[in-house]
């Protein structure tokens, strides 16, 4: 077992930002990253998601990304950037290390058990993101479907859907991006969402950004599962999106009622809007249904509220001030992750200094 001041779990943008500020403050810490190489969740994104098509990647503190080729896959560009960042500041990242459990230790410390050993820490920063916990909804008859079902995490290229009848489920950014790609090669596409999708026409200004973040922050402060900051902003109405709308690719249907071996079915509500018992045949159902926070390893600390989430105020877990969550809820964006890293480091500096610190 190794005694250390702080353990940071995860080396995505939030984890690296936190490590940068802890390093600057001279705080002894280690960053445990499950991934095989630098890049956080970005390293796993599909090759067609170029830097120009991705949501903006904000600079990490102290080292700008600089001018990058927007035509290159974002997985390559961001992974190279994160690797360079780790080297430039000598960040203490260890990988691949999987954290299995965080529980109460001795003398008021936290015990972090992992595939790379055990650490006894005075404080913990959880920066695990969501990529490793894809959300799969469950619908009646799902197990009977004869075709293929996959989640966004399993998507690699549009050619895999050539000539197929594809049902895409989800109203987020990934659903829109993948639907437009797949439609170029598929025999047919059907877009299904629980709620009407939101498209944003015009620039996304700072006020709109603050409003979206505040909405997610309110949920986290109430101890509810965090919503998506990106989902709250709406999808930009780009020329590509406009063309897809004109072609009917983004014509959306409400959520189906059940799945049958040959496709999906709407039982209807008696209004006849979709036709009673309407069937859309499918070869593939693509679940672009988002992700949930990776926090299972924190279960022994009993941080969850009755609402299902962890109540967080200014990165601090309300039930245990030794624990900080960054890249969670309102900080689950590239710019939010940077700010959360600085905030967590500030709180930890005060925590380590003792109760009389300013």
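Computed from the coordinates by the stated procedures, all read-outs in this text should not be read as laboratory data. Given the structure is predicted, the values throughout are model-derived calculations rather than measurements. Cβ sites come from the backbone with ideal geometry, for glycine too, and all protein chains shown count toward neighbours.
How high is the relative contact order of region 1-100, in percent, with contacts defined as C-alpha pairs under 8 Å that are six or more residues apart? The partial results should precede the final answer.
On the way: 150 pairs, mean separation 36.8, N = 100.
This gives 37 percent for region 1-100.
Can you figure out the FRET efficiency of residue 278 with residue 142, using R₀ = 22 Å and their beta-carbon distance, to the nearest 0.05? Mind dumping the intermediate values first?
Details: r = 18 Å, r/R0 = 0.82.
The computed FRET efficiency comes out at 0.75.
Assuming a ≥ b ≥ c are the square roots of the Cα gyration tensor eigenvalues, decide whether the chain counts as rounded (a/c under 1.5), prolate (otherwise, with a/b larger than b/c) or oblate. Show your work: numbers first, answer last.
Details: a/c = 2.04, a/b = 1.75, b/c = 1.17.
In terms of gyration-tensor shape, prolate.
In percent, how large is the relative contact order of the chain, given Cα pairs closer than 8 Å and 6 or more residues apart?
Working: 738 pairs, mean separation 80.3, N = 358.
The value is 22 percent.
Considering the Cα trace of region 274-343, what is its radius of gyration and what is Dmax, both in angstroms?
My reading of the Cα-based Rg and Dmax gives 18.5, 56 Å.
In a GNM of the chain with a 10 Å cut-off on Cα contacts, which of 164, 143, 181 has the highest mean-square fluctuation?
Among 164, 143, 181, the largest GNM mean-square fluctuation belongs to 143.
Does region 127-195 come out rounded, prolate or oblate by the C-alpha gyration tensor, with a ≥ b ≥ c the root eigenvalues, rounded set by a/c under 1.5 and, if not, prolate when a/b is larger than b/c and oblate if not?
Numbers: a/c = 1.61, a/b = 1.22, b/c = 1.32.
Note, shape of region 127-195 comes out oblate.
Counting alpha carbon pairs within less than 8 Å and at least 6 residues apart, what relative contact order, in whole percent, applies to region 66-206? Provide the component values of the computation, followed by the final result.
Numbers: 113 pairs, mean separation 17.0, N = 141.
Relative contact order for region 66-206 comes out at 12 percent.
Against the longest principal axis of the chain, how steep is helix 206-221, in degrees 0 to 90 to the nearest 10, with axes from Cα atoms?
70
On a 0 to 90° scale, report how tilted helix 334-353 is relative to the longest principal axis of the chain, with both axes built from alpha carbons and the result rounded to the nearest 10.
Approximately 30 degrees, to the nearest ten.
Helix 13-24: angle to the longest alpha-carbon principal axis of the chain, degrees 0 to 90, nearest 10?
Orientation of helix 13-24: about 10 degrees from the principal axis.
Just to compare against my own numbers: the Cα pair-distance distribution for region 39-157, 5 Å bins, whole % per bin, please.
2, 8, 13, 15, 14, 14, 12, 10, 6, 3, 1, 0
What number, rounded to the nearest 500 deg cm²/dmol, is the helix-based mean residue ellipticity at 222 nm of the chain, given -39500 (n - 2.57) per DSSP H run of at least four residues and division by all its residues?
The helix contribution divided over the chain gives -7500 deg cm²/dmol.
Using packing as a proxy for protection, rank 303-313, 339-349 so that the peptide with the highest average count of other Cβ atoms within 10 Å comes first. Let's see the in-between values first.
Details: 303-313: 16.5, 339-349: 22.2.
So the peptides 303-313, 339-349, ranked by packing, come out 339-349, 303-313.
When a/c is below 1.5 the answer is rounded, else prolate if a/b is larger than b/c, else oblate, so apply that to region 23-73 with a ≥ b ≥ c taken from the square roots of the Cα gyration tensor eigenvalues. Before the final figure, lay out each step's value.
Values: a/c = 3.61, a/b = 1.59, b/c = 2.28.
Here region 23-73 falls in the oblate category.
Between residue 84 and residue 2, what length in nm is gained on full extension when 0.36 nm per residue of separation is reduced by their alpha carbon distance?
Extending this stretch completely gives an extra 26.8 nm.
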